[in-house]
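These notes concern the structure reproduced below.
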Amino acid sequence: GCVSGAGRSGIMSAVVEEKSTRIMEVLISTVRPFDLLLGKVIGVGGAVLLQLAIWGGSASVLSLFRGQIAGSIGMPAQQASSITLPTITPDMLIVLFAFFILGFFLFASAYAAVGSMCNSTQETQQFAQPLTLLVVFGFFGALAAIKHPDGPAARLMSFIPLTSPFVVPVRYAISPQPWTEVVASMLVTLAGGLAVIWVAGRIYRIGVLAYGKRPTPKEIFRWIRAS
């Protein structure tokens, strides 16, 4: 969560910086805005995945060689072998990976669109508040799912694109759902993510070249409708 949060805010800050320094005008002259948006999201997402892979690999090494590592720091090998570490099954890893990717693309695209509408980092704090509240709501939904993984609220949030990336992995870790339900939730989240990327792309292509006053909701809606 912290890693992906840093990635999302990093995309927003990068867009604002490129816009304020007019570098964006040079980039847009050679690359289509939508391609630039996807490139930013994919690039940051790849960096986040690499960081997670390093953490996961380090945890695997510690688990496999904990006896030798314990011996090197003076801990008895028998005591080290009695330490139980959490394990992640392959199906759980698939669910985590799939919903991480879906959730990251959805929110990162939205944050990039917010950055394109702003002229300074101070403005992003106000514009990003609704997105931040949605992320917080998703975290609270995941906490609620820990207590009642099969409750009506948890099931409902599993089919809302903005909350499913937080809720479904938690539910699956505690009480694995049928794969038909998991795949259905993935498809709903994918559809919602594509819709957000489409809207974000239309805002981004105009917002990155719009300077001066902050756009009103009416202007943003006009950007989305523009052909």
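The values are calculated or read from the model by the stated rules, or taken from the named source; none is laboratory data. Note that the coordinates shown come from a computational prediction; the quantities given were computed from them, not determined experimentally. Each accessible area value is taken on the protein alone, full model and side chains, heavy atoms only, with ligands, DNA and RNA left out. Shrake-Rupley method; radii C 1.70, N 1.55, O 1.52, S 1.80 Å.
Below, the figures for the structure above:
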{"item": "Distance histogram for segment 95-178 (every C-alpha pair counted, 5 angstrom bins, percent rounded to whole numbers)", "result": "3, 16, 23, 21, 14, 11, 7, 4, 2, 0"}
{"item": "Solvent exposure, largest accessible area first (probe 1.4 Å, DNA, RNA and ligands not counted), of ARG202, ARG222, ARG32", "result": "ARG32, ARG222, ARG202"}
{"item": "Stokes-Einstein D for segment 76-224, Kirkwood Rh over Cα pairs, 10 °C, 1.306 mPa s (µm²/s)", "result": "92 µm²/s"}
{"item": "Calculated diffusion of segment 153-201, Stokes-Einstein form, Kirkwood radius summed over Cα pairs, 25 °C and 0.890 mPa s, µm²/s", "result": "223 µm²/s"}
{"item": "Lysines with Cα under 18 Å of LYS213, excluding same-chain neighbours fewer than 8 positions away", "result": "LYS19"}
{"item": "Accessible surface ranking that places the most exposed of THR163, THR180 first, with a 1.4 angstrom probe", "result": "THR180, THR163"}
{"item": "Computed accessible area, VAL31, all protein chains, 1.4 angstrom probe, square angstrom", "result": "50 Å²"}
{"item": "Extension reserve of the LEU190-ILE224 stretch, reckoned as 0.36 nm per residue once the Cα distance is removed", "result": "10.2 nm"}
{"item": "Additional length obtainable on full extension of the chain from ALA14 to PHE34, 0.36 nm per residue less Cα span", "result": "5.6 nm"}
{"item": "Scattering curve values for segment 138-227, log₁₀ I(q)/I(0), Debye with Cα scatterers, q = 0.15, 0.17, 0.18, 0.26 Å⁻¹", "result": "-0.65, -0.72, -0.75, -1.18"}
